[in-house]
Amino acid sequence: MSMKFDSVARNELLTRYKSHLQSGQASICQNYLLDPEPSRLLHQRSQLIDGVLRELWTDLGLPDSLTLVAVGGYGREEMWPASDVDLLLLLPQPADTALAEQLEQLVSLFWDIGLEIGHSVRTVEECLNEAESDLTVQTALVETRLLIGNAALFSTFLTEFRNQLDPQAFFHAKRVEQDERYLRYQESPYSLEPNCKESPGGLRDLQSILWIAQAAGFGSSWQDLERHGFITHREEQGLERRESFLQRLRIQLHLHVGRREDRLLFDHQTALAEQLGFAATPTRRASEQLMQEYYRTAKTVTQLNTILLQNMGAAIFPSPEQNPQVINERFQNTHQLLDVVHENVFNETPAAILEAFLLMQQHSELKGMTARTIRSLWRARTLIDDDFRSNPENRARFVELFKQERGVLHELRRMNQFDILGRYLPKFGAIVGQMQHDLFHAYTVDQHTMQVLRNLRRFSETEFAHEYPFCSQLISNFDKPWLLYIAALFHDIAKGRGGGHSDLGALDAQEFCTSHGLCAEDSELVVWLVRHHLEMSVVAQKQDISDPDVLSAFAATVKDERHLTALYLFSVADIRGTSPKVWNSWKGQLFEELFNQTRRFLLSGGQAPLRQGIIQEKQEEALRLLRYFAVPETAQEGLWNQLDTVYFLRHSAEEIAWHARALHYRIDGKKPVVKARVNPQGDGLEVMAYTLDQHDLFARLVGFFSRAGYNIMDAKIHTTRHGYALDSFMLLDVNGRDNDRDMISYIEHELTDRLTRQTLPEAPASGRISRQVKHFPIQPSVTIESDEKGVNFVLSVSAADRPGLLYTVAMTLALHGANLHTAKIVTLGERVEDTFLISGGDLGESASRIKLETELLERLTC
């Protein structure tokens, strides 16, 4: 064979085939947009490429001994808009130099006409050797099609490959591969930006089922699996619907981006939703509806993947005969798996659906469920109707699930996975797969609920006592902790309905408790927790918990130590369950401090302590600590005489002693004093700055800390009677570098130098706004209201987090001459909710406050 062309002939060849490919693909895509049938597009693109390759092969007069084979996705006739064309050039013997050169030219021609080729050149023996050592190659060869060439050679390859393929080894290898893939995606289909091909519940899960089916001889389609009895006709239709949705989504993504892209990035979600026919409503974005449909599809795909792989595994690995151990007349223990005694157990006794999960909790020897039990459960889920839900036996058994010593989380997760939980509680079913684009929840509502339940359960398990020892101690003495689990199930159940989800969820919880026979006392606690589950978070993070009035109001809400303990445990579990980014040691410190102060208040009979008594108690403790450090008996008096009562209320005795120890001999000094230390109660740094009050001081401090790589978590700003600023900050490293101790000398030296020279404020280094904030922005809100005493003003700022936000607020306040007293900095994932106590300037005038609000909004919006 000779493949040498003159340039004119080659150009004519390339032009003809390239034009044919381009016009054919354009026509296929245009027809698809008019009638979006994904399987037709995938098949038509395969046919188009088949025709081009066959014609080109014939035109070039390639030897009859060679074979051109489609493999992988092309082999199964699924050609996506941006897919590679996977080819095998099958040879009867290794290529000599001349043939190797010709094949290289052939592949070059494939590329030149516009095909992105993934190819291999092998003999039959080389194919078999590669398949034996490389799972990717073996999987690609499971799906092969003869395109053109030596049919006898292809038949020989196919026979020898199938004889070599070990279904058991292949099954095991694909399961391991799937487990590893799941780990790469955090074992969850509910990523904010999932990969519609590779993530759990994506197309790869469906392909894995069919690969294993082909290797085991069960067929290559969902209809084949139905014929082999692995799925019912209804399940086969459901699989086709979900596969079609994922196919359409991936096709649309490729067309929208114009290249290979399988990640549903924020950048694309809104456009894809509109292209797929989702329309925004007053309460939900189109993208949220698309993603809920995706999550529900992915959840069903993972369910069916689990069921089918277990069913096929049982057929591929037949268990040795062994007499099952009888559990009761409906269930038995078979190889340490819960097994139904026959396929119709749930149809005959629907109550056995909940009983199955209860038995899993009560029998520690059971490691899972048999394939037929899972299959039967899945098919029986539609039996859960109004009659089932109103049955007293079923209601009692459902409550029992929460009371068990083990398996509460595992079985509720299993119930959610197989749609049992959402069918028993239809309002819970409505939040399955519902995304929360509020910039701090990283999970769908149902997955967040499971995370909260997980955290509560971990508090009570000894192997996790080291994580949150205080929570573990509290829950060990808490009567009926299962009430917290029920509250967890309902605390966000009303998300997405419009209105306050806490109040609406409390109504749902009340209805559940009443219908399920909880006593009045237990019902009250569950309903109260659902209604007030955000209360502690708001008070701890946004209010001044050193203020006796704030403490008294919070204590009036919690009423007694049992409610306080329940709310504390629930709040920690809830915040930790929103996102890995939201919880930190500083928040833990705030919550624990609020809990301890409130408990002391309640144990004292609910009488608010006098301010003077609080101050005296703190000063006495501070003096004790000062004596420990050999500070002279009256050394602190000069400093304390310059400080007002607010200072002593806001700071702990330990902080008061630290300040006095550092400042008692230089309270009138001209040189600024900066001291830093590792936070005695947790992570991060505590920094104190003492200097003659200066213009723009807070803005300069904010800019410095930001440039040093720290976020301000809390700020307490005081001005002494003789004109000095005494400001203290709690800082956390932005990047978690774990070098706080090394930074102490740098902060003390550099900040002292800048305050001495009174340098201009330094803007924080610019940074990138996250893509989540970019595509799901929240409208900033700014309010300025008089505090309860009518002395100062409370400035509240809610906005998407971004570099320099706090600096922007500080500079704006400085321009208006406002004095800052305290700053509560709350970062919730990608959102901030900051609260500032301010005074001075012209804030007493309504017009001036409106002007400040307007300027802040403008600067936070741009």
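The values are calculated or read from the model by the stated rules, or taken from the named source; none is laboratory data. Predicted, not measured: the structure shown is a model, and the values here were computed from it. Heads up, the Cβs are rebuilt from the backbone with ideal geometry, glycines too, and the neighbour counts pull from every protein chain shown. Protein only, heavy atoms only, side chains kept; ligands, DNA and RNA dropped before computing areas. Shrake-Rupley method; radii C 1.70, N 1.55, O 1.52, S 1.80 Å.
For segment 75-110, which positions are within 21 Å of T123 (Cβ to Cβ), part of a helix (DSSP H, G or I) and of a type outside the set (D, E)?
Going residue by residue through segment 75-110, those that are within 21 Å of T123 (Cβ to Cβ) are 75, 86-107, 110.
Keeping just the survivors that are part of a helix (DSSP H, G or I) gives 75, 97-107, 110.
The answer is G75, T97, A98, L99, A100, Q102, L103, Q105, L106, V107, F110.
Within segment 522-562, which residues are closer than 30 Å to I615 by Cα, of a type outside the set (A, V, I, L, M, F, W, C) and open to solvent by less than 30 Å² (accessible area, probe 1.4 Å)?
Scanning segment 522-562 gives S537, Q541, S546, D547, P548.
I need a count of the residues in segment 381-408 that are assigned to a helix (DSSP H, G or I) and at pLDDT below 95.
Going through segment 381-408 one residue at a time, the tally reaches 2.
Sort through T300, T281 and tell me the only one that's closer than 21 Å to V432 by Cα and modelled with pLDDT of 90 or more.
Only one candidate qualifies: T300.
Starting from segment 308-333, take each residue that is free of Cβ contacts under 8 Å to residues at least 12 places away in the same chain and list its partners that are in a loop (DSSP other than H, G, I, E, B) and not aromatic (F, W, Y), counting only C-beta distances under 7 angstrom and pairs at least six apart or across chains.
Q332/P324; Q332/V341
If G313 meets every condition in (1) under 25 Å from D224 (Cα atoms); (2) open to solvent by 50 Å² or more (accessible area, probe 1.4 Å); (3) among the small types (G, A, S) apart from one, which number is that one?
Condition not satisfied by G313: (2).
Can you work out which of the residues in segment 489-515 that are within 17 Å of L453 (Cβ to Cβ) and out of contact with any Gly (no Cβ under 9 Å at 6 or more places or on another chain) is surrounded by the fewest Cβ atoms within 10 Å (Cβ to Cβ)? Please lay out each step first, then the result.
Here is the first cut: in segment 489-515, the residues within 17 Å of L453 (Cβ to Cβ) are 489-493, 495, 505, 508-509, 512.
Among the residues that remain, those that are also out of contact with any Gly (no Cβ under 9 Å at 6 or more places or on another chain) are: 489, 505, 508-509, 512.
Values: L489: 24, G505: 25, D508: 18, A509: 25, F512: 23.
By that ranking, first place goes to D508.
Of the residues in segment 465-476, how many are free of Cβ contacts under 8 Å to residues at least 40 places away in the same chain and open to solvent by 50 Å² or more (accessible area, probe 1.4 Å)?
Qualifying residue count for the region: 5.
Does E180 satisfy the criteria of being open to solvent by 50 Å² or more (accessible area, probe 1.4 Å) and at negative phi? Spell out the reasoning first.
Details: open to solvent by 50 Å² or more (accessible area, probe 1.4 Å): yes; at negative phi: yes.
So E180 fits the description; yes.
Is it the case that E160 is assigned to a helix (DSSP H, G or I) and more than 23 Å from F317 (Cβ to Cβ)?
yes
Could you go through segment 317-336 and let me know if any residue there is under 22 Å from T232 (Cβ atoms) and touching a Phe, Trp or Tyr at 6+ places or on another chain (Cβ under 8 Å).
Within segment 317-336, none of the residues are under 22 Å from T232 (Cβ atoms) and touching a Phe, Trp or Tyr at 6+ places or on another chain (Cβ under 8 Å).
Touching a Lys or Arg at 6+ places or on another chain (Cβ under 7 Å) and not basic (K, R): is that true of A506 in this structure?
Taking the combined requirement at face value, the residue satisfies it.
I need the full set of residues from segment 139-157 which are assigned to a helix (DSSP H, G or I), more than 33 Å from the chain's Cα centre (by Cα) and not hydrophobic (A, V, I, L, M, F, W, C), in order please.
S155, T156, listed by residue number.
Restricting to segment 227-278, count the residues that are assigned to a loop (DSSP other than H, G, I, E, B), crowded, with 17+ Cβ neighbours inside 10 Å and without any contact (Cβ under 8 Å) to a residue 24 or more places away in the chain.
Looking only at that region, the number is 1.
So is L99 farther than 22 Å from S83 by Cβ, among the hydrophobic types (A, V, I, L, M, F, W, C), at pLDDT 95 or above and more than 34 Å from the chain's Cα centre (by Cα) or not?
So L99 does not fit the description; no.
Provide a single number: the residues in segment 714-759 that are open to solvent by 10 Å² or more (accessible area, probe 1.4 Å), under 27 Å from N641 (Cα atoms) and in a helix (DSSP H, G or I).
Number of matching residues: 3.
How about segment 532-643: which helices (runs of 4 or more DSSP H) wholly inside it have at least 1 residues that are polar (S, T, N, Q) and either modelled with pLDDT of 90 or more or on the phi > 0 side of the Ramachandran plot (or both)?
535-542, 548-558, 561-576, 585-603, 611-628
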